[in-house]
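Notes to accompany the following structure.
The values are calculated or read from the model by the stated rules, or taken from the named source; none is laboratory data. Just so we're clear, the structure is a prediction, and the values are computed from it rather than from any experiment. Reconstructed Cβ throughout: ideal geometry from the backbone, glycine too, with neighbour counts over all protein chains shown. In case anyone asks, the SASA skips ligands and DNA or RNA and just uses the protein heavy atoms, side chains included. Shrake-Rupley method; radii C 1.70, N 1.55, O 1.52, S 1.80 Å.
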Amino acid sequence: MAEVSVTKDAVPAADELVALKNVNKHFGALHVLQDIDMTIARGEVVVVIGPSGSGKSTLCRAINRLETVESGTITIDGKPLPQEGKELARLRADVGMVFQSFNLFAHKTVLENVMLGQVKVRKTDKKAAEEKARALLDRVGVGVQADKYPAQLSGGQQQRVAIARALAMDPKVMLFDEPTSALDPEMINEVLEVMQQLARDGMTMVVVTHEMGFARSAANRVVFMADGRIVEEATPDEFFSNPRSDRAKDFLSKIL
Ligand code: ADP
Ligand code: MG
């Protein structure tokens with residue numbers, strides 16, 4: 001596989017936190033990311049929408065190098081993502097990720113889940129890590145569940161723990177890949193509210209979601225993907241009231 005090239009002009013624009021330039025990736029014959037150019041400013045909330053299979057998850061996974069890319073550059077705060085090694089671990093720790101499927105450690109308590117990365121990756125001492133974990137669990141509304149195991153919590157509570165766990169690493173940007181898609185309907189709002197609050201607090205966020213209410217109220221920008229390409233980018237108002245591409249019109253007619 002070709003190396004990701006390192007840009008010479010890796011100095012970010014004033015407030016550019018994440019930048020993808022001409023990123024390409026295949027899965028076999030499938031060109032899953034095609035010439036992706038995307039920048040995310042500090043404090044910006046970008047909602048990524050598009051049909052199933054359009055490459056949204058692959059895009060998120062590329063941003064924290066859970067997937068390699070074949071060409072193009074991805075920079076986080078001006079630093080190109082390396083392919084591997086300690087520097088990758090450091091940069092990856094700057095990118096918090098929340099998945100559809102929670103991915104909590106089942107054999108660890110809620111509190112331990114939120115402490116683990118702090119102690120292992122950030123080398124925070126245990127007392128400080130515990131204090132921070134408890135504060136974050138309170139912030140997402142599951143402080144009283146701290147000593148339980150994930151399986152004893154509802155899906156909405158588990159997803160809020162997953163958000164707290166990601167926040168515990170002090171990420172520069174948070175990626176959410178369909179964080180409410182696996183939840184029972186009555187639990188969706190409790191998770192979206194935590195995300196709304198995070199957005200109001202100024203967190204830089206990339207959110208893949210089908211929750212158009214969230215997109216309308218929290219997003220600064222909507223990115224519409226189809227077939228591995230960014231087809232359209234606009235403010236939520238523009239996008240929902242006046243989609244320009246046929247693909248976006250068709251997609252919106254099916255979900256709204
Ligand atoms: P989305 O999140 O928009 O639904 P994905 O990024 O998950 O799309 O997937 C885009 C396309 O890439 C789909 O056709 C999917 O089947 C394919 N794909 C995803 N991951 C892999 C993989 N590890 N190996 C092969 N194909 C994959
Ligand atoms: Mg997906």
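Numerical summary
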quantity: Protection-proxy order for peptides 196-207, 123-134, 153-164, 37-48, each taking the mean of Cβ atoms within 10 Å per residue, highest first; calculated: 153-164, 37-48, 196-207, 123-134
quantity: For the chain, built as a Gaussian network whose Cα springs stay under 10 Å, the top-fluctuating residue of Ser71, Ser101, Ser217; calculated: Ser217
quantity: Accessible area in square angstrom per residue, the chain, 1.4 angstrom probe; calculated: 46 Å²
quantity: The chain, helix-only ellipticity at 222 nm - DSSP H runs n ≥ 4, -39,500 (n - 2.57), divided by all residues, nearest 500; calculated: -11000 deg cm²/dmol
quantity: Accessible-area value, Met225, 1.4 Å probe, nucleic acids and ligands omitted, Å²; calculated: 0 Å²
quantity: Rounded percent of accessible protein surface that carbon and sulfur make up, the chain, 1.4 Å probe; calculated: 50 percent
quantity: Gyration tensor (alpha-carbon) shape descriptor, the stretch 58-126, a/c threshold 1.5; calculated: oblate
quantity: Calculated P(r) of the chain - Cα pairs past 23 Å, %; calculated: 52 percent
quantity: Normalised contact order of the chain, rounded percent, pairs of Cα under 8 Å and 6 or more residues apart; calculated: 25 percent
quantity: Protection-proxy order for peptides 238-251, 107-120, each taking the mean of Cβ atoms within 10 Å per residue, highest first; calculated: 107-120, 238-251
quantity: DSSP bridge orientation in the chain - percent antiparallel, rounded to nearest 5; calculated: 55 percent
quantity: Check: the chain dipole with +1 on Lys, Arg Cβ and -1 on Asp, Glu Cβ, in debye; calculated: 680 debye
quantity: Relative contact order %, the stretch 6-115, counting alpha carbon pairs below 8 Å whose residues are six or more apart; calculated: 28 percent
quantity: Cross-link partners of Lys79 among lysines (Cα-Cα below 27 Å; sequence separation of 8 or more within a chain); calculated: Lys8, Lys21, Lys25, Lys56, Lys120, Lys123, Lys172
quantity: Charge dipole of the stretch 1-159 about the Cα centre (unit charges at C-beta), most positive-ward option of Met115, Val69, Gln100; calculated: Met115
